[in-house]
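Bear in mind these aren't lab numbers, they're just calculated from the coordinates by the rules spelled out. On a predicted model such as this, the values are computed, not experimentally measured, just so you know. Ideal geometry is used to build each Cβ from the backbone, glycine not excepted, and the neighbour counts take in all protein chains shown.
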Amino acid sequence: MMMRFSDCNTRNVTIRIVLLACFYLFSQPSYPQEIYPEKQAVLDYLSKPYILEEYGKISDAIWSFAELGLQEYRSSELLANTLEEAGFEVERGLAGMPTCFVATCGSGKPVIGLLGEFDALPMLSQKGRVPEQDPLLDGAPGHGCGHNTMCTAAAAAAIAVKQAMDQFNIKGTIKVFGSPAEETIISRPYMIRAGLFNGVDAVIDNHSSSKFGTSYGKGGNAVFSTIFTFRGSTAHSAGSPWSGRSALDAVELMNIATNYLREHLHYTYRMHYIILEGGEAPNVVPDKASVWYYIRNTDERVESMYKRVIDCAKGAALATGTELADIRCLTAVHQKHANQAAAELFQKNIELVGMPEWTDKEEAFAKALQKNLKKEETGMPDKVDSLKAPTGVAVGGGSTDVGDVSLIAPTATILFPGAVPGAIAHHWSTVAGNYGSTAWKGLNAGAKAIAASAIDLLIKPEELKKLQDEFENYSKNHPYKSLLPEDASPPLDLNKELMEKWRPLMEEFYLDHQ
Ligand SMILES: [Zn+2]
C-alpha cells in the first residue's frame with residue numbers, strides 16, 4: 001500500500017511539475033528576446049537623438065522632392081551619398097536605370113540584402129502634418145505610400161550594422177539595393193536580370209505602415225504592365241470619314257472586349273487601364289492611340305490571362321481595320337512569397353524594439369486626420385502586431401516587385417509604423433502624415449528592427465540556415481523564371497514629361513526655399 005501511495009504521490013508531483021512547466025512556458029512571451037553586444041550596439045547607435053533627426057531630415061527631403069519612378073535623381077543621390085560618406089562602396093546607374101544603386105560594405109559570406117524604395121506618386125501634393133486636403137502645389141506628385149521613409153530606414157540600418165561590423169570584426173557583406181519605381185512595379189525584375197542579387201543569402205524588405213509587424217506566405221498578385229498601341233489612318237472626320245481608320249476605335253473596342261472578358265476570369269484577377277493617347281481633335285480621325293493596362297492574377301493564371309487580353313487587342317485591330325502596332329511590356333512580376341523563418345526572426349526583433357512613444361501633439365494630429373477622414377479617432381498605434389500567418393485563400397489584390405526578389409532569395413518585409421491609422425494609401429492623407437515627427441520615429445523603429453535582424457543573420461549561421469532550408473524546399477516546386485519578355489527594358493520615358501513639367505514649379509514654389 002505504501003509503495004502504491006508513494007507511487008501515486010510521485011505521479012501527482014510529476015504532473016504538477018509538468019503543469020507548472022507548461023504554465024511557465026506559455027506565460028512567457030512567444031518570442032524570448034535576446035540582446036547580445038553586437039545587437040545592443042546597433043540599437044544604441046540608432047537610439048541617439050541626433051541619428052533619429054539625421055535620417056528624419058533625409059526622409060523629409062525625399063518627401064519634398066516627391067520624384068516619380070525612374071526620375072528620382074535627387075532622392076537616389078541623397079541616399080547613395082549618405083551611404084558612401086558612411087564608408088559604403090556605391091555603384092550607381094545599374095540595370096539600365098540611372099537612379100538604381102547598390103551600396104556594399106564588408107566582404108564574403110553571408111551576404112544580407114536590404115531593399116529600399118524612394119519614388120512618389122502623381123497628383124498627390126499635400127502639405128505635411130496638415131490634417132485636411134491642402135496641396136503644396138496643386139496637381140504635383142506626392143509621397144502617398146511613405147516611400148520617402150523606406151530606403152532611408154534601410155540606409156540608417158545598414159550604416160548602424162556597418163559600425164557594429166567594424167567594432168566587433170563581424171564577417172560578411174551588407175548590400176543596400178536602391179530600388180527605383182516601385183509604385184509602377186518596375187525595377188526589381190530588371191535588377192535581378194542584371195545579376196545584382198546574385199549571391200545574396202537573405203533579403204530584409206521594409207514598408208511604411210501604421211503597423212509594426214511582419215507576415216509570411218504567398219500574397220498579392222503577379223502583374224503584366226503593358227501599353228498597347230494601334231495605328232490607323234487620318235481623314236476629315238466629317239468630310240471623308242470612310243477613308244480613315246480610327247486607332248481610337250480600336251482602343252475603345254479592345255476595352256469593351258476586356259470588360260466582357262472579366263466575367264470569365266478567375267475571381268483572383270484585377271485589371272485596369274488608362275488611355276494614354278486618343279487623338280488630338282475630334283475633326284481628325286486619330287491615326288494613333290494607345291492604352292496602358294495592368295493585368296493582374298496569381299502566378300498560375302497571369303500568363304494565360306495576358307494572352308487573352310492580347311487576343312482582345314488583336315480582335316479590336318481586325319474589326320477596325322487598324323494595326324496593333326506595338327505591345328510594349330513595361331514590367332512583369334510574380335506574386336510575393338514571404339519566408340516564414342525570416343518573418344519569425346524579424347518578429348522577434350520587432351517585439352524587442354517595440355512601438356515608439358507618441359507625444360500628445362502627434363496623437364492630436366492623428367485624431368484630427370482620422371476625424372476628417374470620418375474614421376474612428378483612435379490616434380497613433382500603441383502595440384506591435386503579432387506575426388501574420390497566410391489566410392490560405394487567394395483573394396487577389398495589388399502587386400509588388402519584391403515578389404521576384406522573394407523567389408530568388410529568402411525574403412520577408414518589416415512593416416514599420418509612422419503613418420496615421422486610417423490614412424488612405426495613394427491619397428493626400430498618407431502624404432500629410434508621412435512627414436515630420438511620426439515619420440521620423442517610425443522609420444527609426446523600422447531601422448532598428450532591420451539592423452537587429454541583419455545582425456542576427458550575420459552572426460548566427462543557424463538562423464540563416466533556417467531561412468535557406470525553407471527557401472530551397474519552396475524553390476524546388478517554384479523555380480524562378482522571369483515573366484519579363486526578353487526584349488523588355490526599363491521605361492525611362494515613363495514619367496519624364498510629368499517630372500519635367502513639375503520639377504521646375506516645385507523648385508520655384510517650395511523646394512530649395514526650406
Ligand atoms: Zn508602397
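Debye-formula intensities of segment 358-479, expressed as log10 I(q)/I(0) at q = 0.11, 0.22 Å⁻¹, are -0.55, -1.30 (one equal scatterer per alpha-carbon, no solvent). Over the chain, the alpha carbon radius of gyration divided by the compact-protein estimate 2.2 N^0.38 Å works out to 1.10. For G144, the amide hydrogen comes within under 5 Å of the amide hydrogens of L121, counting only partners 5 or more places away or on other chains and with H modelled in the peptide plane. In sequence order, segment 75-80 has phi-based couplings of 5, 5, 5, 4, 5, 4 Hz under the Karplus curve 6.51 cos²θ - 1.76 cosθ + 1.60, θ = phi - 60°, and Gly or Pro positions carry x. Ordering S475, S290, S187 by the number of other Cβ atoms within 10 Å of each residue's own Cβ, fewest first, gives S475, S290, S187.
Each Cα pair of segment 409-508 feeds into the Kirkwood radius, which the Stokes-Einstein equation turns, at 4 °C and 1.567 mPa s, into a diffusion coefficient of 71 µm²/s. From least to most packed, judged by other beta carbons within 10 angstrom and beginning with the fewest, H147, H426, H207, H272 follow the order H272, H426, H207, H147. In nm, to one decimal, how far is the D382 label point from the E77 one, both placed 7 Å along Cα→Cβ? So the label points at D382 and E77 sit 4.6 nm apart. A simple count of charges around G116, restricted to other residues whose Cβ falls under 10 Å of its Cβ and scoring Lys, Arg +1 and Asp, Glu -1, yields -3. Pairs from the table (K57/K127; K39/K448; K48/K162; K388/K476; K383/K441) lying more than 20 angstrom apart at Cα are K388/K476.
By DSSP, the beta bridges lying fully in the chain are antiparallel in about 70 percent of cases.
For K371 and I424 in one chain, what is 0.36 nm times their gap in residues minus the Cα-Cα distance, to one decimal in nm? Walk me through the numbers on the way to the answer.
On the way: separation 53, 0.36 × 53 = 19.08 nm, distance 1.30 nm.
Taking K371 through I424 to full extension adds about 17.8 nm, to one decimal.
Between V200 and any residue 5 or more places off or on another chain, the built amide H atoms are never under 5 Å apart. Dividing the Cα radius of gyration of segment 178-262 by 2.2 N^0.38 Å, with N the residue count, gives 1.86.
Remark: spin-label model distance Y510-N169 equals 5.1 nm, labels positioned 7 Å along the Cα→Cβ axis. With R₀ fixed at 22 Å, the C-beta to C-beta distance from S475 to K496 puts the FRET efficiency at about 0.05. Each principal axis of segment 252-353 carries a Cα extent, and these read 67, 29, 20 Å when sorted largest first.
Taking neighbour counts of Cβ atoms within 10 Å as a proxy for exposure, in what order, fewest first, do Y50, Y55, Y73 appear?
Details: Y50 6, Y55 22, Y73 15.
Ascending number of Cβ neighbours within 10 Å: Y50, Y73, Y55.
A Förster radius of 35 Å combined with the Cβ-Cβ distance from R308 to D487 puts the calculated FRET efficiency at roughly 0.95. Applying the Karplus relation 6.51 cos²θ - 1.76 cosθ + 1.60 with θ = phi - 60° to segment 112-122 yields 3J(HN,Hα) values of 10, x, 10, 8, x, 10, 8, 8, 9, 10, x Hz, where x marks Gly and Pro.
Quick check: residue separation of K48 and L276 times 0.36 nm, minus the Cα distance between them. What number comes out in nm?
Extending this stretch completely gives an extra 77.2 nm.
Using the beta-carbon distance between L261 and T391 and R0 = 30 Å, what value does 1/(1 + (r/R0)^6) give for FRET efficiency, to the nearest 0.05?
Numbers: r = 27 Å, r/R0 = 0.90.
The value I calculate is 0.65.
Ellipticity at 222 nm from helices only: DSSP H runs of n ≥ 4 in the chain, each -39500 (n - 2.57), divided by the residue count, give -14000 deg cm²/dmol.
Under 5 Å between amide hydrogens, built in the peptide plane, is the criterion, and for L276 it picks out S290, V291, W292 among residues at least 5 positions away or on other chains.
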